[in-house]
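K.L.:
Please read through the structure below; I'll follow up with questions.
The values are calculated or read from the model by the stated rules, or taken from the named source; none is laboratory data. Treat the numbers as computed from the prediction; the structure is a model and nothing was measured. Neighbour counts run over all protein chains shown; Cβ positions are idealised from the backbone, glycine included. The accessibility values were calculated without ligands, DNA or RNA, using every heavy atom of the protein model including side chains. Shrake-Rupley method; radii C 1.70, N 1.55, O 1.52, S 1.80 Å.
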Amino acid sequence: MANVYVLDHPLIQHKLTYIRNKDTGTKEFRELVDEVAALMAFEITRDMPLEEIEIETPVTTAKTKILSGKKIGLIPILRAGLGMVDGILRLIPAAKVGHVGLYRDPETLKPVEYYIKLPSDINERELIVIDPMLATGGSANDAIHSLKKRGANNIKLMCLIAAPEGVELVKKEHPDVDIYLAALDEKLNDHGYIVPGLGDAGDRLFGTK
Ligand code: URA
C-alpha cells in the first residue's frame, strides 16, 4: 500500500503559511513555492541509494559515498507543476524533465492528454510526478496511468497541498506510488477548491485570473 508522507518541517510549514495567504503577491508566491519544492526534494530523496568510492583528500585516501542507482525524472503536470521544477532541479541538477498536459472532456469526462513529452528512458528512472494541488486527484491519477502505460515502473507523487479525496483516489488506483505532501487539508468545496488551500495555484504562480 502506498505511503503518504506529510513533510511538516518547520521551514516548510512557515513558508506554506505565506503561500496560503491571499495577500501574498505573484513574485513572492513563486519564490516561496520554489523554496518549498527544494525543501521537499531534500526529504523525497532521503532513500536514494549510495555507493562507496575511494578518493584522495589533500591528507589521505578515504572511502566516501556518492549517489548511485536509478536516475531521476521530474514530471510536472501542466501548468502549476512547473512552479516546483526549478527548486527541485537546484538539488538534483542532472534530473531530466518530462511534461504532461491533461484536461477532462466536459462531455465524456474522460481525460484528454493534450501534451506529453518524456525522457526516452522513463522505464529506467525514478519519476517524481509534480502536481501542487491534489484536489479530486483526477489529473495526477490520469498522468500516472499514462506514465505506466509508457513503461514507468518507479513513481513518486509530490504535491504542495492535498485534499483527502485526492489522496484516497491515488492510493486506491496506484498502491505502488508513495505520496509526499507539505500539507493535508480538510476537504474540497463545491467548486473543487481545496479548503483552506491557497486558491488556484496556476493563477497565483503566473499572475493570471
Ligand atoms: N487546483 C488548484 O489550483 N487549487 C485548488 O484548490 C484545487 C485545484
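K.L.:
For the list (1) more than 13 Å from I128 (Cα to Cα); (2) assigned to a strand (DSSP E or B); (3) open to solvent by less than 70 Å² (accessible area, probe 1.4 Å), I need the number of the one condition that I75 fails.
P.N.:
(1)
K.L.:
Okay, next question. Looking at region 143-157, is at least one residue polar (S, T, N, Q) and closer than 21 Å to F42 by Cα?
P.N.:
Yes, that holds for at least one residue.
K.L.:
In region 5-39, how many are within 22 Å of G166 (Cα to Cα), within 13 Å of the chain's Cα centre (by Cα) and not aromatic (F, W, Y)?
P.N.:
Residues that pass the stated criteria total 5.
K.L.:
May I pose another question? Conditions: (1) out of contact with any strand residue (DSSP E or B) (no Cβ under 9 Å at 6 or more places or on another chain); (2) open to solvent by 70 Å² or more (accessible area, probe 1.4 Å); (3) under 26 Å from L32 (Cα atoms). R204 meets all but one. Number of the miss?
P.N.:
(2)
K.L.:
Next question, about the same structure. Being of a type in the set (V, I, T), closer than 26 Å to F42 by Cα and within 12 Å of the ligand (Cβ to nearest atom) is the filter here; which residues of region 173-209 pass it?
P.N.:
I194
K.L.:
In region 110-136, what count of residues is obtained for those that are within 25 Å of D47 (Cα to Cα) and within 16 Å of the ligand (Cβ to nearest atom)?
P.N.:
Residues meeting the conditions: 6.
K.L.:
Continuing with the same structure: Can you tell me which residues in region 1-54 are touching a residue at least 60 places away in the same chain (Cβ under 8 Å) and open to solvent by 100 Å² or more (accessible area, probe 1.4 Å)?
P.N.:
Those that are touching a residue at least 60 places away in the same chain (Cβ under 8 Å) and open to solvent by 100 Å² or more (accessible area, probe 1.4 Å): M1, D8, K22, R30.
K.L.:
For K63, work out the one condition from (1) under 26 Å from S139 (Cβ atoms); (2) surrounded by fewer than 16 Cβ atoms within 10 Å (Cβ to Cβ); (3) not small (G, A, S) it doesn't fulfil.
P.N.:
Evaluating K63 over (1) under 26 Å from S139 (Cβ atoms); (2) surrounded by fewer than 16 Cβ atoms within 10 Å (Cβ to Cβ); (3) not small (G, A, S) leaves (1) as the failure.
K.L.:
Going by the conditions given, is E43 among the acidic types (D, E) and under 17 Å from the mean Cα position of the chain (by Cα)?
P.N.:
When the stated conditions are applied, E43 passes them.
K.L.:
Looking at E54, E43, E35, which one is under 21 Å from A140 (Cβ atoms), away from the ligand (no atom under 16 Å from the Cβ) and not β-branched (V, I, T)?
P.N.:
Within the list E54, E43, E35, the selection yields E43.
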